[in-house]
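The structure appears below as structure tokens.
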Amino acid sequence: MGEKGKTRGAQILLAIIVLIMLTVFFWEDIFHKVPSMENIFLIALSIGTILLSLYYLLQVIKKPSDIFLESQKVSCVIRCVSCDYVSTREFEKGDFVLKEVGTCPRCGGNLIIYSIFRDVKEKERRSE
């Protein structure tokens, strides 16, 4: 189990413990008193606490939506240090700016990664 799994498990356990403690505390106190406005307030408070705890528990348990987990397309601009040859390719693990990536097909000079950037979709461009 990874670090996120341990954190999520601890959050769920904590939420359940708090839910049980609050429920036992408030309900025990309410049923041993004579009905009054204070009891109605405590009942409403305990029901609200239970509902809030259940909502929190459901938020912790549910999986995150895939909207924010879309993979981003990252590209590299490759330039020759000797001539004006420029090429673009997809980012590979281990790429960094000024890394030598081969020889120029035109002049035989060194090719380096000139820049690394994320491709912006049309929807994102319009909102900026």
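The values are calculated or read from the model by the stated rules, or taken from the named source; none is laboratory data. If you're wondering where the values come from, they're calculated on a predicted model, not measured in any experiment. Every residue, glycine among them, receives a Cβ derived from its backbone with ideal geometry; neighbour counts consider all protein chains shown.
Please determine, by comparing only the residues of the range 69-92 that are of a type in the set (S, T, N, Q) and more than 13 Å from residue 116 (Cα to Cα), which one is surrounded by the most Cβ atoms within 10 Å (Cβ to Cβ). Taking the candidates together, the pick is 82. Cβ-Cβ contacts under 8 Å between residues 6 or more apart (or on different chains), taken from a first residue in the range 102-114 that is surrounded by 11 or more Cβ atoms within 10 Å (Cβ to Cβ) to a second residue that is of a type in the set (Ser, Thr, Tyr) and in a strand (DSSP E or B), are listed as 109/103; 110/103; 111/87; 111/103. Somewhere in the range 22-36, is a residue farther than 30 Å from residue 107 by Cβ, modelled with pLDDT of 70 or more and part of a helix (DSSP H, G or I)? No, the conditions are met nowhere in the range 22-36.
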